[in-house]
Amino acid sequence: MKQKLQFPVRIPFVEELGFELWRFGDGQAELQVDLNEGHLNSWEVAHGGVLMTLLDVAMAMAARSTNQHAPDGGPGVATIEMKTSFMRPAEGRLRAEGLLLDKTTTLAFTEGRVFDAAGRLCAHATGTFKYLRGLPTSGRRAKTLQRADAAHEETPARPKSPHPPRGT
């Protein structure tokens with residue numbers, strides 16, 4: 001029988017939503033959530049934002065899972081692109097599956113699905129994620145991942161590049 005796992009990184013928003021990690025490894029992840037009133041829309045079914053977040057986190061965990069045995073837990077990921085299709089209203093306990101389809105040194109290409117308690121497909125997504133060691137934020141500082149087993153740290157940003165930004 002499967003057992004609930006600890007997320008490898010701390011994500012306060014995911015904790016607030018009550019998501020649970022049930023599988024994490026070999027390019028796959030499974031999350032589950034029991035919907036409560038705070039997850040619902042005006043139709044009293046799962047809000048699309050809850051489903052999209054569930055898909056996003058399942059796909060991100062699948063992307064991260066191939067690096068889980070690295071000494072530092074491997075890089076984090078940031079969503080670059082996500083396309084979602086909703087098939088039917090989602091109610092009750094939901095299960096999301098994330099699958100890593102392919103990856104490069106810097107990008108992960110994923111797929112995710114959300115099923116209801118009866119096993120019916122409620123939503124499907126594809127996503128592209130960028131592997132990151134830190135996240136540049138205001139003040140020219142890079143924030144590091146909040147590892148589940150380590151305290152939050154901040155690291156200095158890389159020196160400013162002498163080259164002008166591309167695409168402007």
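For this structure, a couple of remarks:
- Scan of the stretch 110-120 for residues that are surrounded by fewer than 17 Cβ atoms within 10 Å (Cβ to Cβ) and not basic (Lys, Arg), ordered by number: Ala117, Ala118, Gly119
- Looking across the stretch 42-80, the residues that are among the hydrophobic types (A, V, I, L, M, F, W, C) and more than 16 Å from Leu145 (Cβ to Cβ) come down to Trp43, Val45, Ala46, Val50, Leu51, Met52, Leu54, Leu55, Ala58, Met59, Ala62, Ile80.
- No other residue among Phe7, Phe24 is part of a loop (DSSP other than H, G, I, E, B) and within 14 Å of the chain's Cα centre (by Cα) apart from Phe7.
- Within the stretch 79-111, the set of residues being outside any strand (DSSP E or B), under 16 Å from Asp56 (Cβ atoms) and not small (Gly, Ala, Ser) is empty.
- Any hit, the stretch 37-57, residues being surrounded by 17 or more Cβ atoms within 10 Å (Cβ to Cβ) and touching a Pro at 6+ places or on another chain (Cβ under 8 Å): yes
- Test result for Ala123, modelled with pLDDT of 95 or more, exposed (fewer than 12 other Cβ atoms within 10 Å of the Cβ) and within 23 Å of Gly18 (Cα to Cα): no
- For the residues Pro75, Pro71, the requirement of being surrounded by fewer than 13 Cβ atoms within 10 Å (Cβ to Cβ) and over 11 Å from the mean Cα position of the chain (by Cα) singles out Pro71.
The values are calculated or read from the model by the stated rules, or taken from the named source; none is laboratory data. Only a predicted model underlies this, so the values are computations on that prediction, with no experimental measurement involved. Cβ sites come from the backbone with ideal geometry, for glycine too, and all protein chains shown count toward neighbours.
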